[in-house]
């Protein structure tokens, strides 16, 4: 693995441990000790990153926000990877009617703009628990994965070792799961890692326009949304969630690019 | 014509007026005003209740009568002439309005009684609009070419307001040949022709609407020659546009931006008072079966406890700034004359809140911090529209304060249209609502009377009905001592607690320092905008 | 090739129709109704509601909606916008111009300066300046565009006063203003949204180009060219850039829809009257005809993009013949 890749991996692990450990040592992310006089405090021993407009502890919100934002992103890419690879494998391995029908479904999924679907659904249902938001992001993100896996499946179906497996009389389903599926994994891993960055940004954007994570739960996106209103009088409120967001997305991008270089030296 | 604003804005104007400077106004004094939603339909009766549309319509179309200086409420002696040059009373049920013979539509046609009649027919056409505020009017007919006789169903102190202010005549000669339901898609809707101080110049979609002064306006040539309504959706972008000088006036100023805005405006921030009232409405009926009481809010003691558990002054001030007041009934600052100029409320009392909840049977159960009764936790949802930042601040603070007394409030921040639908169907526990009140408290019947509780589709969303309150309101509409009579009605509402009244916010408005005579009104804020003046020495390039 | 192209176009059209149907079904299935959104707090009695529903077609069944929509499409009619009370096509036409302006300039800069910087970074892989560039683009990509936009606005419009804080043009500018004044006005309004868009997007083509160029730079034919003494600039152009073109073309096709919907957040911040802000507004006010109309345009651009990418793909790499 390259040096940037190692940095990315280390950063991701650090953020993940922050998301696990941070909330254990932090104050309550929703408590408002003194909204009239305790708002907009600068960092101090009591509040490591200061307080926001409702006197809530920013460090606590950042820590719980890490848990929520990262969990949503993880669920989103996991769902997209599972659905996408299942559909992609099936579409790539069957040349008949099923295969063509599945390819149509994938194309349809790619043709529906994700932002419209998310806006329409989220604006209407409103209250949505973070894990479900992750699932929804995954369910709108799978077609891209499916296209990738289908392409890989088609490519691997021509590979000599697959031919050999068929010649040895292995049943098609077994060949698909034992021989072809593992071959698609490197591409899937790369796409998934890069997808983490996208999912984090998308959640932030949706929370920013007020249809994502529900208050009082913090997410990095909703923290940015609230901090933006106070740019004039308390610009530092933006700093913490933005830095967290930059670290997470850069880490995922660096790791993904590095994985691609080491796992798929022949493509792209 | 003498119009003056109430109290504070008047003081601000008097302090800054410079008589010598106002002699020769620059040729193109311009006011740029940023609104949050694009005014796409600034036609009275068709404004679909959007604020920017109504504000724009006020510049284009005259009312027959407007408010006099220091008007308290909307009684007949509080009204002053506008499109009508005068009115006289025939008997307690009949009024005759005489239209000013100098009034002209912007295409040069005279305004006459036929226009008023035509507009009245539209206003009562169910295909166009249903405004229950016209309910007291029995009939309208022309008397000659320039007068209309209006008959009312019963005596009241607000007959001039009910017809003369609420009805803004439209030009019959341009609209008569259109089917009423096609007016909103007609050429007239794209390019309205009115009779007000400003004429419609053009709309640049998504950006702005431009009005030009009608230099022949019969009440005097406007001292502002151009008025631009710019659409800027993002509240912090609106603040930025005022600070950079791209816009001239700023209302709905976010609390946290007040110091900066004040500095930019050179101290010119006046607060004419506001007609806005923010409250959390209790649904006293079960969401599953509306014939049954709500399992939590059906109990008045619980409603009182939930109110007392909230430190409402803190919520109001963190959300709306220091000028926000807190009422105990549906009373915005616009109606502060009822209670001697200020709106006040019972203070928070957490200990009493706990006692009341315990008395109602809600007790701490097996170590859980949330109270419970018969195994059911004290949990309800707070429904509010995602479009408004104040809603969120209010709900977040209330949630924490309730948590401290063992109440679990779940926040449902939804898109406005979904909120509207749910509220209409009675699918809510507690709803954070914001209304702009009419100039007169007699409008309370629209949302808080037994009659409106029966009427489908009315704004009495919780179907609240209290016979005593209805009787007190009816008494007040004809009472000699208006403040006293309305105090009694509001006290009854406060005792019954149909809602938690969270705030009667003020309405700080920042104005660019170059304007003189900048009169603001508590409701229909910009009615006198055409009489503002720019000091020539301070004129900007856009005023030249 | 011609047959393939015809097949590909038919495929794109069918996919687009299916996507529009899916969108209509989705929009109709969800709660919230336009009447409530339009009428606001004042409400209306049931009789008025019924009349308005009939007039605006909100009482139709799903099948009726589909039939009337596609019947209208054939005549170039997408219905009447509920919130604007004007034909959807008129509203869309007004918004398409500003969006295309912002989107096309963003794409232009991304795929010229972005690619050039990518090649430059590949040619100077271990210099401090290249690392700095890498860091900046990574941050630009990772910070959401609405944050970049807000920061730019407060620095350059509010604090420094160099440019306007938002809008498309100064609508108060006299209609007979000299062309130079009009141009300056345009630029003053365009600068910040464009900068925000470019900062948020340029990292992707830049990094992709850099990676591709680095990889091809290690190929034997590049080493051979270098050994032959070919000038570095010629190597960069002929040997490194050309072979790296395929993924760039794919990316370009994928990004073409950004022309119309890539700037939802930036348009909101800068009050840019484009398709993105229209889409958000239409969704929130439950303006079904407008949501579907805007969706149609967006879906069309998605199909156009992938079609264009496929065609360019074959132009760039003639060995990849379609099956």
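The values are calculated or read from the model by the stated rules, or taken from the named source; none is laboratory data. Just so it is clear, the model here is predicted, and its values are computed rather than measured. Don't worry about glycine lacking a Cβ; one is built from the backbone with ideal geometry, like all the others, and counts go over all protein chains shown.
Scanning region B:383-406 for residues that are away from chain C (no Cβ under 14 Å), touching a strand residue (DSSP E or B) at 6+ places or on another chain (Cβ under 9 Å) and not in a helix (DSSP H, G or I) returns B:405, B:406. The criterion of at least 2 residues that are more than 20 Å from residue C:89 (Cα to Cα), within 11 Å of chain B (Cβ to nearest Cβ) and in contact with a helix residue (DSSP H, G or I) (Cβ under 9 Å, 6 or more places away or on another chain) is met, among helices (runs of 4 or more DSSP H) falling completely within region C:251-303, by C:264-270.
Residue B:450 fulfils the conditions (1) under 21 Å from residue B:286 (Cβ atoms); (2) touching a strand residue (DSSP E or B) at 6+ places or on another chain (Cβ under 6 Å); (3) modelled with pLDDT of 90 or more except for a single criterion, (2). Counting only residues that are over 14 Å from residue B:111 (Cβ atoms), part of a helix (DSSP H, G or I) and at pLDDT 90 or above, region B:175-188 holds 2 of them.
A quick yes/no check of all residues on (1) under 16 Å from the mean Cα position of the chain (by Cα); (2) part of a helix (DSSP H, G or I); (3) farther than 27 Å from residue A:75 by Cα; (4) within 11 Å of another protein chain (Cβ to nearest Cβ):
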residue: A:156; (1), (2), (3), (4): no, yes, yes, no
residue: A:173; (1), (2), (3), (4): no, yes, yes, no
residue: A:176; (1), (2), (3), (4): no, yes, no, no
residue: A:200; (1), (2), (3), (4): yes, yes, no, yes
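Within region A:213-222, the only residue that satisfies the criterion of being at pLDDT 85 or above and within 11 Å of chain C (Cβ to nearest Cβ) is A:220. Filtered by the rule that a residue be in a helix (DSSP H, G or I) and either within 24 Å of the chain's Cα centre (by Cα) or not assigned by TED's automatic domain parsing to the domain that holds residue B:96 (or both), region B:107-124 gives B:119, B:120, B:122, B:123. State which residue is surrounded by the most Cβ atoms within 10 Å (Cβ to Cβ) when the search covers only region B:142-174 and only residues that are part of a helix (DSSP H, G or I) and more than 26 Å from the chain's Cα centre (by Cα). Among residues in region B:142-174 that are part of a helix (DSSP H, G or I) and more than 26 Å from the chain's Cα centre (by Cα), the one surrounded by the most Cβ atoms within 10 Å (Cβ to Cβ) is B:172.
Would a scan of region B:231-239 turn up a residue that is closer than 26 Å to residue A:35 by Cα and under 20 Å from the mean Cα position of the chain (by Cα)? Yes, there is a match, as at least one residue in region B:231-239 is closer than 26 Å to residue A:35 by Cα and under 20 Å from the mean Cα position of the chain (by Cα).
Going by the conditions given, is residue B:271 within 28 Å of residue B:311 (Cα to Cα) and at pLDDT below 90? Criteria met by residue B:271. With respect to residue C:175, determine if the residue is in a helix (DSSP H, G or I), farther than 20 Å from residue A:226 by Cα and over 26 Å from the mean Cα position of the chain (by Cα). No: the conditions fail for residue C:175. Beta carbons closer than 9 Å, at least 6 apart along the sequence or on distinct chains, never pair a first residue in region C:90-111 that is on the phi > 0 side of the Ramachandran plot with a second that is crowded, with 20+ Cβ neighbours inside 10 Å and not in a helix (DSSP H, G or I).
Please state which one of A:239, A:189, A:247, A:185 is at pLDDT 85 or above, surrounded by fewer than 21 Cβ atoms within 10 Å (Cβ to Cβ), within 9 Å of chain C (Cβ to nearest Cβ) and assigned to a helix (DSSP H, G or I).
Details: A:239 fails: within 9 Å of chain C (Cβ to nearest Cβ); A:189 fails: within 9 Å of chain C (Cβ to nearest Cβ); A:185 fails: within 9 Å of chain C (Cβ to nearest Cβ).
Among A:239, A:189, A:247, A:185, only A:247 is at pLDDT 85 or above, surrounded by fewer than 21 Cβ atoms within 10 Å (Cβ to Cβ), within 9 Å of chain C (Cβ to nearest Cβ) and assigned to a helix (DSSP H, G or I).
For region B:180-198, the tally of residues that are closer than 17 Å to residue B:103 by Cβ and over 24 Å from the mean Cα position of the chain (by Cα) stands at 1. Within region B:207-254, the residues that satisfy the criterion of being touching a helix residue (DSSP H, G or I) at 6+ places or on another chain (Cβ under 7 Å), assigned to a loop (DSSP other than H, G, I, E, B) and facing chain C (nearest Cβ under 7 Å) are B:232, B:233, B:234, B:244. Of B:127, B:72, all but one fail to be surrounded by 16 or more Cβ atoms within 10 Å (Cβ to Cβ), assigned to a loop (DSSP other than H, G, I, E, B) and touching a helix residue (DSSP H, G or I) at 6+ places or on another chain (Cβ under 7 Å); the exception is B:72.
Do we have any residue at all in region B:329-350 that's within 23 Å of residue B:507 (Cβ to Cβ), within 14 Å of another protein chain (Cβ to nearest Cβ), under 29 Å from the mean Cα position of the chain (by Cα) and not in a loop (DSSP other than H, G, I, E, B)?
Start the filter on region B:329-350 by keeping residues that are within 23 Å of residue B:507 (Cβ to Cβ), which leaves B:329-345.
Pick out the ones that are also within 14 Å of another protein chain (Cβ to nearest Cβ) and you get B:330.
Those still in the list that are under 29 Å from the mean Cα position of the chain (by Cα) too: B:330.
Keeping just the survivors that are not in a loop (DSSP other than H, G, I, E, B) gives none.
No, that holds for no residue.
With outside the structural domain of residue B:460 (by TED's automatic domain parsing), surrounded by 20 or more Cβ atoms within 10 Å (Cβ to Cβ) and touching a residue at least 12 places away in the same chain (Cβ under 8 Å) as the only criterion, which of B:265, B:324 stands out?
Values: B:324 fails: outside the structural domain of residue B:460 (by TED's automatic domain parsing).
So the residue among B:265, B:324 that is outside the structural domain of residue B:460 (by TED's automatic domain parsing), surrounded by 20 or more Cβ atoms within 10 Å (Cβ to Cβ) and touching a residue at least 12 places away in the same chain (Cβ under 8 Å) is B:265.
For (1) within 14 Å of chain A (Cβ to nearest Cβ); (2) more than 18 Å from the chain's Cα centre (by Cα); (3) at pLDDT below 80, each residue gets a yes or a no:
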position	(1), (2), (3)
C:144	yes, no, yes
C:158	yes, yes, no
C:180	no, yes, no
C:214	yes, yes, yes
C:249	yes, no, no
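Would you say residue B:486 is touching a residue at least 60 places away in the same chain (Cβ under 8 Å), in contact with a strand residue (DSSP E or B) (Cβ under 7 Å, 6 or more places away or on another chain) and in a helix (DSSP H, G or I)? Don't jump to the end; show me each part of the working.
Numbers: touching a residue at least 60 places away in the same chain (Cβ under 8 Å): yes; in contact with a strand residue (DSSP E or B) (Cβ under 7 Å, 6 or more places away or on another chain): no; in a helix (DSSP H, G or I): yes.
Judged against the criteria, residue B:486 is not a match.
Within region A:68-92, residues that are without any contact (Cβ under 8 Å) to a residue 60 or more places away in the chain reach no partner that is surrounded by fewer than 24 Cβ atoms within 10 Å (Cβ to Cβ) and not in a helix (DSSP H, G or I) with beta carbons closer than 6 Å at six or more positions or on different chains. Just a yes or no: is a residue in region B:291-301 farther than 19 Å from residue B:499 by Cα and not in a helix (DSSP H, G or I)? Yes, because at least one residue in region B:291-301 is farther than 19 Å from residue B:499 by Cα and not in a helix (DSSP H, G or I).
I'd like the residue in region B:240-262 that is under 20 Å from residue C:277 (Cβ atoms) and in contact (Cβ under 8 Å) with a residue 12 or more places away in the chain and, out of all such residues, is nearest to the chain's Cα centre (by Cα). Step by step, filter region B:240-262, then rank; the result is B:252. Residue check: residue C:153 meets all listed conditions (1) touching a residue at least 60 places away in the same chain (Cβ under 8 Å); (2) more than 24 Å from residue B:229 (Cα to Cα) but one, namely (2). Among the residues making up region B:407-449, a single one is at the interface with chain C (Cβ under 9 Å from one of its Cβ atoms) and assigned to a loop (DSSP other than H, G, I, E, B): B:415.
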